[in-house]
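Take a look at the structure set out below.
The values are calculated or read from the model by the stated rules, or taken from the named source; none is laboratory data. For clarity, every value in this text was computed on a predicted model and none was experimentally measured. Virtual Cβ from ideal backbone geometry, glycine too; neighbours counted across all protein chains shown.
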C-alpha cells in the first residue's frame, strides 16, 4: 500500500466490491472508520498493527518488549551514550518500540535527555544523513539502536564511511536479506514473520469457517540475536 492511508482505503474497498470472504490487512491508516457498516461482519485479521473503530483479530510482534531488549543489551555492555533512530512516529509499531526502549532505559536509571532521538526517517539517505550528524558534535554516541528496517542500510553506510563500523555498536529491529554476510556482524531483534503469517492465516480461515470467539490480539515474541560475523565490539 506504499505506506499510504488513502491507498489502504481504496484497496480495501476494491476487495469488498469483489465480495471476498475475508481480509488480512497490515494497516497504514490510523483508523479503519472508512469501512462500510455492513462490512464489519466480514472475517478480518490485522497484521503488525491493531485495528481501530472495529473489533477484529490482530497478530503483532511484541514491539515494546522487543525494543527493550536492545536497550538492556547495550547497557549491559557498558554503553551509556546512546542514539535512537526511528521511522514514522504516527505508526503504531514505531510508537510501541519507542515506548519499550524508553521504559527500559528508565528502569536502568538512564535519563532520556542524554539519548539522541532522531525520528521521522523514511529513506536510506535520510537515515544516513541523520546518523552522520550524530558524530559531528562533542558528545557522540558509542551505540546506535535503529527501530525500523527501513533505516538499516543508511545507518550502516554512515558508520562505514568514517570507519566507525568496528567501534560503534549497532543494534537493529528486524532481520534483512544477506545479513549473514555482514562483517562485522550486527545484533538484531528478530520478529519471526513466518510465525506471524502462519498465525494470521489460521485466524482468518477460522473466522471464515465461523469461529465465534471474541476477537483478540495474538502477540508474537521477538528475540535478540547476532547476524553475520562476530562484532569485536560485543563480548
(message) Just to check your reading of the model, which residue among 150, 205 is under 24 Å from residue 92 (Cβ atoms) and assigned to a helix (DSSP H, G or I)?
(response) 150
(request) Could you tell me which numbered condition residue 186 fails, if it satisfies all but one of (1) in contact with a helix residue (DSSP H, G or I) (Cβ under 8 Å, 6 or more places away or on another chain); (2) surrounded by fewer than 20 Cβ atoms within 10 Å (Cβ to Cβ); (3) modelled with pLDDT under 90? (result) (2)
(message) I'd like to check which strands (runs of 3 or more DSSP E) are fully inside region 41-117 and have at least 2 residues that are farther than 20 Å from residue 5 by Cβ.
(response) 57-61, 82-85
(message) Go through (1) outside the structural domain of residue 131 (by TED's automatic domain parsing); (2) in contact (Cβ under 8 Å) with a residue 40 or more places away in the chain; (3) on the phi < 0 side of the Ramachandran plot for residue 77 and report which single condition fails.
(response) (1)
(request) Being in contact with a strand residue (DSSP E or B) (Cβ under 6 Å, 6 or more places away or on another chain) and under 19 Å from residue 99 (Cα atoms) is the filter; apply it to region 74-88 and report the residue that is surrounded by the most Cβ atoms within 10 Å (Cβ to Cβ). (result) 74
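Matching residues to (1) touching a strand residue (DSSP E or B) at 6+ places or on another chain (Cβ under 8 Å); (2) surrounded by fewer than 17 Cβ atoms within 10 Å (Cβ to Cβ); (3) closer than 30 Å to residue 194 by Cβ; (4) modelled with pLDDT of 90 or more:
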residue	(1), (2), (3), (4)
15	yes, yes, yes, yes
29	no, no, yes, no
43	yes, no, yes, yes
46	yes, no, yes, yes
(request) From (1) farther than 30 Å from residue 170 by Cα; (2) in contact with a helix residue (DSSP H, G or I) (Cβ under 7 Å, 6 or more places away or on another chain), pick out the condition that doesn't hold for residue 63. (result) (1)
(request) Output the residue which, of all residues in region 48-69 that are over 17 Å from residue 190 (Cβ atoms) and at pLDDT 95 or above, is surrounded by the most Cβ atoms within 10 Å (Cβ to Cβ). (result) 57
(request) Could you look through region 142-154, keep only residues that are surrounded by 24 or more Cβ atoms within 10 Å (Cβ to Cβ) and at pLDDT 90 or above, and pick out the one that is nearest to the chain's Cα centre (by Cα)? (result) 147
(request) Could you tell me which of the residues 95, 107 is more than 26 Å from residue 165 (Cβ to Cβ) and surrounded by 15 or more Cβ atoms within 10 Å (Cβ to Cβ)? (result) 95
(request) Determine whether residue 87 is in contact with a helix residue (DSSP H, G or I) (Cβ under 9 Å, 6 or more places away or on another chain) and assigned by TED's automatic domain parsing to the domain that holds residue 175. (result) yes
(request) Sort out which residues of region 19-40 are within 27 Å of residue 147 (Cβ to Cβ) and not in a strand (DSSP E or B), and write them in order of number. (result) 26, 27, 28, 29, 30, 31, 32
